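Below is one structure, written out as structure tokens; comments come after it.
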Amino acid sequence: MESDEVPDILKIPKPLQEKYFSVVEEEISKLLKRFSSMDKLLRHLRERLEHGISLVEPRQKWRDYLIAVVDGSDSPAIDQRIGVLYGLYAAAYKLFRGFEPVEDGERYLGDRVSDQTQGQRDILAKILDLATTYIERALAHKLLTSTDPKVDLLLIDGSFLGYRAGCSMVKEEALEWREPITNKYFDKVYDLIEAINSLTVQIAESGRAVGIIKRVPTAAISGYMYYKYGRDQAPDLSDRSILTLVMRRGELFSYASYLKGLRYEALSWYKTVVRERGFKGKTPDEVLREAERRFTVQLVADLTDYSRVSRRNNFEKYADKPIVKLAGQLRRYFLRTREDLPPICIEVPERVPQDLFENVLSYCMETSSPATGLPLSLDLIDDLVSLPRGLGRDFIGEIEAGLLRHGVDKEKLLALFSRFNPQKEEF
């Protein structure tokens, strides 16, 4: 057997091997107990979720639609050298007539975000994410406002508000970035957030855009069961995991139908609020109102220029902004497109007509990828626009080489580009 075929666990000292194998057995025992207790809850799960599940009826109109798919990507790591941080991003769209790609119906954009102030890595990572989102939304908006050709349906990769998390951490930062589509200049990060907000609201209000969400951490179903039936009746699983256990191919789960007007975002927070504060004599409705308040506060803090310190008494004004109100106008569904894969999550603004929505469901069913369950068009654009690992390192290498060609002294390069830890690549 060649050395690279030997499991890594067998390459460590024998006492450590024995310890880790012992830990494996302990974890197996714990998980078996968890599965046993879960089985009791799952017996009644389908029955309790039944009123949120319906069967998708086939539609054919989507085959004639001009469908645009938009996606973006950024470098998976930021190259950090003494005095310089870089991040690369790309975005693209591709057009389809029904299932068939449109000839010359694509566009690609790519650029970089840099920081010369030795800023924190996580700060620049969030700024890079926002730059990518802005380019995606700008392309999407351009497609929806064009009349030649007129797009019937636009698919966004992710949630309409998927960029929200972490915005409050960076919104006061300087940016000094010029975007590559219209050359618009952004002096502060909040200026960029505000531009993304505006584009997002316009895209949602078009009534022709839908989001397909790959990673869905929400736990509104177990939160609702906790709220409705008590802690012992709430499985400690994400919504996608629960629905994987109970949904069949061709079935649709609707939060609105299941939760009966309650907000899934607040219910997803429900267990967290209980764990942190306990009921302390409060009713489930009072706890739910606290969860709703928390969710709204976080939305406002992330997506507006609200500051708890300086604008303590004006919270309601900020909660009334279009981008915050949009959160309450986005309907979420789970669709089981493949028996052997978890359901996919679809986010639909309330302006989308019912007929278009039903055709979106048929489109997702009939074009689902056997690998992901997502529409094949989304998988295709994701493959086309994804930036490979190591691209950031190669980018830095090209800068170094170019500076050398221009006669820059090697010692200056060493001072500028030496790594903080020369033994470890940061990508």
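The values are calculated or read from the model by the stated rules, or taken from the named source; none is laboratory data. Predicted, not measured: the structure shown is a model, and the values here were computed from it. Positions of Cβ are generated from backbone atoms using ideal geometry, with glycine treated the same way; all protein chains shown enter the neighbour counts. We work out accessible area using only protein heavy atoms, side chains counted, and drop any ligands, DNA or RNA first. Shrake-Rupley method; radii C 1.70, N 1.55, O 1.52, S 1.80 Å.
Miscellaneous remarks
- Scanning the range 333-342 for residues that are out of contact with any Pro (no Cβ under 6 Å at 6 or more places or on another chain), over 16 Å from Ser159 (Cα atoms) and surrounded by 14 or more Cβ atoms within 10 Å (Cβ to Cβ) turns up Thr337, Arg338, Leu341, Pro342.
- All conditions but one from (1) at pLDDT below 90; (2) surrounded by fewer than 14 Cβ atoms within 10 Å (Cβ to Cβ); (3) farther than 30 Å from Ala174 by Cβ apply to Tyr108; the one that does not is (3).
- Just one residue in the set Ile156, Ile135, Ile123 is outside any loop (DSSP other than H, G, I, E, B) and at pLDDT below 90; that residue is Ile123.
- Test: residue in the range 254-269 that is under 18 Å from Ile344 (Cα atoms), open to solvent by less than 40 Å² (accessible area, probe 1.4 Å) and aliphatic (A, V, I, L, M): no
- Test for Glu347: is it more than 19 Å from Val69 (Cβ to Cβ) and either touching a residue at least 60 places away in the same chain (Cβ under 8 Å) or not in a loop (DSSP other than H, G, I, E, B) (or both): no
- When the range 179-192 is limited to residues that are among the aromatic types (Phe, Trp, Tyr) and without any contact (Cβ under 8 Å) to a residue 60 or more places away in the chain, the one that is least open to solvent (accessible area, probe 1.4 Å) turns out to be Phe186.
- Residue in the range 356-365 that is assigned to a loop (DSSP other than H, G, I, E, B), closer than 19 Å to Arg97 by Cβ and either in contact with a Pro (Cβ under 9 Å, 6 or more places away or on another chain) or open to solvent by 10 Å² or more (accessible area, probe 1.4 Å) (or both) present: no
- Matching entry among Arg336, Arg331 (being basic (Lys, Arg), touching a residue at least 60 places away in the same chain (Cβ under 8 Å) and in contact with an Asp or Glu (Cβ under 6 Å, 6 or more places away or on another chain)): Arg336
- Candidate set: the range 270-282, residues that are among the β-branched types (Val, Ile, Thr) and closer than 25 Å to His44 by Cα; chosen: the one surrounded by the most Cβ atoms within 10 Å (Cβ to Cβ): Val274
- Per-region count, the range 159-175, residues open to solvent by less than 20 Å² (accessible area, probe 1.4 Å) and either out of contact with any Leu (no Cβ under 8 Å at 6 or more places or on another chain) or not in a loop (DSSP other than H, G, I, E, B) (or both): 3
- Single residue of Asp129, Asp152, Asp148 found to be touching an Asp or Glu at 6+ places or on another chain (Cβ under 9 Å), among the acidic types (Asp, Glu) and closer than 19 Å to Arg107 by Cβ: Asp152
- Among the residues of the range 122-178, those that are β-branched (Val, Ile, Thr) and either within 19 Å of Leu303 (Cα to Cα) or in contact (Cβ under 8 Å) with a residue 40 or more places away in the chain (or both) comprise Ile123, Ile127, Thr132, Thr133, Ile135, Val151, Ile156, Val170.
- Apart from one condition, Ile181 fits all of (1) outside any helix (DSSP H, G or I); (2) modelled with pLDDT of 95 or more; (3) among the aliphatic types (A, V, I, L, M); the exception is (2).
Results for (1) closer than 20 Å to Cys364 by Cβ; (2) assigned to a helix (DSSP H, G or I); (3) free of Cβ contacts under 8 Å to residues at least 40 places away in the same chain, shown as yes or no for each residue.
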{"residue": "Pro235", "(1), (2), (3)": "no, no, no"}
{"residue": "Arg240", "(1), (2), (3)": "yes, yes, no"}
{"residue": "Thr244", "(1), (2), (3)": "yes, yes, no"}
{"residue": "Arg249", "(1), (2), (3)": "yes, no, no"}
{"residue": "Leu252", "(1), (2), (3)": "yes, no, no"}
{"residue": "Tyr258", "(1), (2), (3)": "yes, yes, no"}
{"residue": "Gly261", "(1), (2), (3)": "no, no, yes"}
{"residue": "Leu267", "(1), (2), (3)": "no, yes, no"}
{"residue": "Lys271", "(1), (2), (3)": "no, yes, no"}
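- Scanning the range 319-332 for residues being part of a strand (DSSP E or B) and open to solvent by 20 Å² or more (accessible area, probe 1.4 Å) gives a total of 2.
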